[in-house]
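The values are calculated or read from the model by the stated rules, or taken from the named source; none is laboratory data. These figures come from a predicted structure and were not determined experimentally. Here the Cβ positions follow ideal geometry from the backbone for every residue, glycine too, while neighbour counts run over all protein chains shown. Side chains are part of the model used for accessible areas, which takes the heavy atoms of the whole protein and leaves out ligands, DNA and RNA. Shrake-Rupley method; radii C 1.70, N 1.55, O 1.52, S 1.80 Å.
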Amino acid sequence: MNMMDIDEPAEIGYKWESSYAEGLNIREAFAEDEQGSVEQAIAKLVADAKKKRRETERPIKRRIGALRYLYLVIDNSVAMIDKSLEPDRLRCTIKVIKKFIHNYFRENPLSQLGIIAVKDKVSEIVTSLTASVKELEEGLDTLNVFECKGDFSLQNGVLRAYHNLQGLPMHAHREVLVFMAAMTTVDFSNIFTTMENFKRNQIIVHGIHLACELYVLRKFCAKTRGGHAVVLNDVHFEVVLSDFILPPKGHLFAKHANVETFYKMGFPKKQKVKDVLFCACHRDEFKDFKPSDTLYNMETLIKPFGFLCIQCKTRICSLPMDCPNCGLRLVSATQIAKAQMHIMPLPVYAEKQAEKNSKCFSCNVSFITDDKTYECKFCLEIFCDDCDAANHGSMICSGCIEHNTSTATTTTNGHQNGVSNGNNAR
């Protein structure tokens, strides 16, 4: 019998390719139009992803995850010069991250964010953990496409974040989000050992790849219970990144007995600086000053306003922040109030068919019969798709405010999501 006569199954490519295509339903998602373009298909995919996220009910009274420490590890290798994303991968990434920063602090008012860049197999901290949007944007502006060079090292990037997250409190989410464009990673030792260290210390790693799915990055994310995605275009990039705005659903320490349930915090007042007093949060910047006969202008070095730690009287510039001296968590009352809103999120609206002569409560647009509308479960007002997205983005229902209707389960002190029932006055 000739072995060539045996029917062998046709090769269908690598296993990861077939599984990725099945999960994405790639034949339907990338259906070409009459001009052979897939832009409309991608736009539909992005719109469906936004709608699906909005229709997902957010858990109520989830206090674990209110504190987050997140490092963004950005690939700054030669792979970021590629123009598959407009105008190039690096500048597209910077633009998307700047929008992400604003949304991140809106949803996580008590959290902090840091930035790490990796180029030529070397990682460096661009911006340390901070809650200042201005400092983060200034750090991103220092990244230049003309300075992209060498290879990317995933291990060096995540280890830089690991050493800075290791000493932080374990009752908070400690996370690393990797933006990777290189097709390979050049590491100095076994990266699978690094994965075990991250898992053992309960540090979550997320990954976004700008070119294709890389096994080692996906494996790292799965090992630490993080998310992973591949970017299709700049619009899809924003949708994918928005998945990481909210904290992970389950805290890895939720079932451990040693997790703190009460956090000690201080509420310092903003004060005008009268005496020459350097802030502790920027003390490293003054190490570069060398002795000189010329006098420095102290007004340019010291900010006019600051905060004093209520425990050790150390001066800092912004909130929220852990006191560099005594470690006390310093926040403002406004940030605590914002965090309370996210504990009591706005419930998902019920989808229904539009009735005759009906209008959107917010924008007053008229509906055509059989149009899809969204009805609030409490005030029973109907909204269009855009107003539904706007209400859930702000977490306040405009109809409930108008009718003074509860949009969430009442808490023990009578406070509701954006609406007070009037019973909490004492």
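Of all residue pairs spaced 6 or more apart or on separate chains, those with beta-carbon atoms under 8 Å, a first member in the stretch 65-90 that is without any contact (Cβ under 8 Å) to a residue 60 or more places away in the chain and a second member that is open to solvent by less than 30 Å² (accessible area, probe 1.4 Å) are Lys83/Arg89; Asp88/Met80; Asp88/Val145; Leu90/Asn76; Leu90/Met80; Leu90/Leu143; Leu90/Val145; Leu90/Cys148. For Glu238, the requirement of being open to solvent by 20 Å² or more (accessible area, probe 1.4 Å), of a type in the set (D, E, K, R) and touching a residue at least 40 places away in the same chain (Cβ under 8 Å) is met. When Asn417, Asn413 are checked against the criterion of being in contact with a helix residue (DSSP H, G or I) (Cβ under 7 Å, 6 or more places away or on another chain), assigned to a loop (DSSP other than H, G, I, E, B) and modelled with pLDDT under 70, a single residue qualifies: Asn417.
One line per residue, one yes/no per condition, for (1) open to solvent by less than 60 Å² (accessible area, probe 1.4 Å); (2) within 26 Å of Arg106 (Cα to Cα); (3) modelled with pLDDT under 85; (4) in contact with a helix residue (DSSP H, G or I) (Cβ under 7 Å, 6 or more places away or on another chain):
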position	(1), (2), (3), (4)
Cys360	yes, no, no, yes
Thr369	no, no, yes, no
Thr405	yes, yes, yes, no
Thr409	no, yes, yes, no
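Only one of the numbered conditions (1) crowded, with 20+ Cβ neighbours inside 10 Å; (2) under 30 Å from Gln335 (Cα atoms); (3) hydroxyl-bearing (Ser, Thr, Tyr); (4) in contact (Cβ under 8 Å) with a residue 24 or more places away in the chain is violated by Thr127, and that is (4). If you go through the stretch 304-328 and keep only what is within 22 Å of the chain's Cα centre (by Cα) and closer than 10 Å to Phe267 by Cβ, you end up with just Leu319.
Scanning the stretch 75-102 for residues that are under 18 Å from Thr127 (Cα atoms) and open to solvent by 10 Å² or more (accessible area, probe 1.4 Å) yields Arg91, Ile94, Lys95, Lys98, Lys99, His102. Name the residues in the stretch 230-278 that are outside any loop (DSSP other than H, G, I, E, B) and either at pLDDT below 75 or touching an Asp or Glu at 6+ places or on another chain (Cβ under 8 Å) (or both), would you? Of everything in the stretch 230-278, those that are outside any loop (DSSP other than H, G, I, E, B) and either at pLDDT below 75 or touching an Asp or Glu at 6+ places or on another chain (Cβ under 8 Å) (or both) turn out to be Val230, Asp234.
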